[in-house]
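Have a look at the structure below, then the notes.
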Amino acid sequence: VADATKIHGLIIRESEPLNLEFPFSMLEQAITPRHQFFVRSHFSLPSLTAREWRLQVDGEVDSPFELTYDELRKLPAETRPATIECAGNGRAFLVPKAKGVLWGTGAVGTAEWTGVLLSNVLRRAGVKPNAIEAIFQGADSGEVTEEPQSPGVIHFERSLPLTKANRPEVLLAYKMNGQDLNPEHGFPVRLVVPGWYGMASVKWLNRITLSSTPFNGYWQSLEYSYFQRSQGRPSLVAITEMPVKASIARPAPHEAIPAGVVFRVFGAAWSGKSEIDSVEISIDGGSEWHSADLLGRPLPYCWRLWEYQWQVPRDPGRYQLMVRATDKASAVQPSGRDPDRRGYMINHTIPVDVEVV
Ligand SMILES: Nc1nc2c(c(=O)[nH]1)N[C@H]1C(S)=C(S)[C@@H](COP(=O)(O)O)O[C@H]1N2
Ligand SMILES: [Mo]
């Protein structure tokens with residue numbers, strides 16, 4: 001069990017259950033070191049051992065089976081980087097205030113995940129033709145006593161449509177940045193669903209059930225869902241893909257910047273749908289936009305770091321920095337909040353005020 005007093009470098013949003021935020025102004029490199037990767041948990045960390053752990057695969061399959069940790073680790077493995085962002089990242093900036101953990105900008109990180117393709121394990125079970133979804137169960141459980149209350153004790157569970165579950169980027173991961181997963185990030189095995197918000201990447205995974213009907217569990221109907229409008233009619237749907245977003249790491253909010261210098265504005269941009277096409281910066285509240293430079297090269301399902309050399313004015317005073325990203329699917333980061341998204345999917349521009357001194 002993690003001891004919150006031993007956690008350095010992360011902001012403690014909640015110690016039980018454990019919710020830790022990456023101080024986003026510390027962003028340096030594309031891969032987030034494991035000890036700086038945010039932690040999001042809804043229940044107490046389960047205590048699992050590699051020796052006792054089993055992955056059960058059942059439901060609409062020809063041959064239900066169980067895998068041990070050693071068996072899973074003997075299967076062909078892939079390593080790939082992916083950005084994971086919590087759907088509630090940025091909630092602290094919402095007006096009116098939304099319920100839930102009040103994340104700043106740092107409930108997001110990018111790691112290199114190693115594991116087995118989910119599609120390999122599903123193939124081995126022989127998915128029946130009537131199956132449409134796979135439901136993933138975490139070993140953690142509890143009762144949610146505040147509104148909306150859970151129906152007694154429940155597990156953390158989410159489903160994926162088989163079209164996503166069978167995609168080659170979806171992994172049953174047991175390593176993060178080359179090291180075995182630690183308890184906070186889902187030891188022994190977690191699902192990693194690149195492109196989707198973090199709630200899909202079920203940690204402490206111990207069961208996969210194939211289902212012929214849509215799953216409407218607590219964590220994708222009452223929570224982690226939003227209103228989508230069809231012909232003007234709002235309907236609750238589960239949160240899936242991350243829309244395009246850029247965040248400013250530096251300057252930090254209210255940072256003092258000397259007048260007349262060239263300041264390196266720096267941050268990250270990501271989109272679950274496609275590559276980042278451009279990142280633009282405004283220093284006058286959104287009238288004029290300047291292109292930032294995209295750094296490194298694009299990697300699928302990963303954020304792209306960017307920078308902009310800002311010629312800081314000679315006049316002291318308060319300035320407002322804004323960023324907006326566009327992806328190759330032509331989606332542009334919105335400037336304002338969409339209330340249909342409830343307390344989730346916060347990708348609109350969040351201005352950063354700085355003092356030129
Ligand atoms: N079993 C389980 N899996 C879970 C969660 C959880 O509470 N229990 N939280 C989810 C949410 S909401 C997010 S954002 C990610 C966060 O992953 P991390 O803690 O490794 O950063 O894990 C997801 N997987
Ligand atoms: Mo999340």
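The values are calculated or read from the model by the stated rules, or taken from the named source; none is laboratory data. From a predicted model like this one, the values you see are computed outputs, not experimental measurements. Backbone-built Cβ (ideal geometry, glycine too); neighbour counts: all protein chains shown.
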Task: Cβ-Cβ under 8 Å pairs, at least 6 apart or on other chains, segment 227-255 side within 18 Å of ARG342 (Cβ to Cβ), far side β-branched (Val, Ile, Thr) and buried (at least 18 other Cβ atoms within 10 Å of the Cβ) - done: MET242/THR83
TODO: Name every residue in segment 141-165 that is of a type outside the set (Val, Ile, Thr), closer than 17 Å to SER212 by Cβ and surrounded by fewer than 17 Cβ atoms within 10 Å (Cβ to Cβ), in order of residue number.
DONE: PRO161
Open item on the list: Being modelled with pLDDT of 95 or more and surrounded by fewer than 19 Cβ atoms within 10 Å (Cβ to Cβ) is the requirement here; does LEU75 meet it?
Closed with: yes
Open item on the list: Out of the strands (runs of 3 or more DSSP E) lying entirely within segment 124-231, which hold 3 or more residues that are near ligand 1 (Cβ under 10 Å from one of its atoms)?
Closed with: 133-143, 153-161, 190-192
TODO: Could you tell me which residue of segment 155-191 is farthest from ligand 2 (Cβ to nearest atom), considering only residues that are within 22 Å of GLU60 (Cα to Cα) and among the β-branched types (Val, Ile, Thr)?
DONE: THR163
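Of the residues that sit in segment 114-140 and are touching a Pro at 6+ places or on another chain (Cβ under 9 Å) and surrounded by fewer than 20 Cβ atoms within 10 Å (Cβ to Cβ), which one is nearest to PRO17 (Cα to Cα)?
Filtering segment 114-140 for residues that are touching a Pro at 6+ places or on another chain (Cβ under 9 Å) and surrounded by fewer than 20 Cβ atoms within 10 Å (Cβ to Cβ), the one nearest to PRO17 (Cα to Cα) comes out as LEU117.
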- [ ] Examine segment 36-58 for a residue that is more than 26 Å from GLY178 (Cα to Cα), surrounded by fewer than 19 Cβ atoms within 10 Å (Cβ to Cβ) and touching a Ser or Thr at 6+ places or on another chain (Cβ under 9 Å), and state whether such a residue exists.
- [x] yes
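Under 23 Å from LEU18 (Cβ atoms), more than 13 Å from ligand 2 (Cβ to nearest atom) and aliphatic (A, V, I, L, M): does that describe ALA111?
yes
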Open item on the list: Restricting to segment 25-63, and then to whatever is within 16 Å of ligand 2 (Cβ to nearest atom) and among the aromatic types (Phe, Trp, Tyr), can you tell me which residue is farthest from the chain's Cα centre (by Cα)?
Closed with: PHE43
Open item on the list: Among the listed residues GLY343, GLY336, identify the single one that is on the phi < 0 side of the Ramachandran plot, in a loop (DSSP other than H, G, I, E, B), surrounded by 14 or more Cβ atoms within 10 Å (Cβ to Cβ) and not charged (D, E, K, R).
Closed with: GLY343
TODO: Please verify whether segment 3-14 includes one or more residues that are at pLDDT below 95 and of a type in the set (Gly, Ala, Ser).
DONE: yes
- [ ] Considering only segment 232-259, state which residues are assigned to a loop (DSSP other than H, G, I, E, B), surrounded by 12 or more Cβ atoms within 10 Å (Cβ to Cβ) and not acidic (Asp, Glu).
- [x] ILE239, THR240, MET242, PRO243, VAL244, PRO251, ALA252, PRO253, ALA259
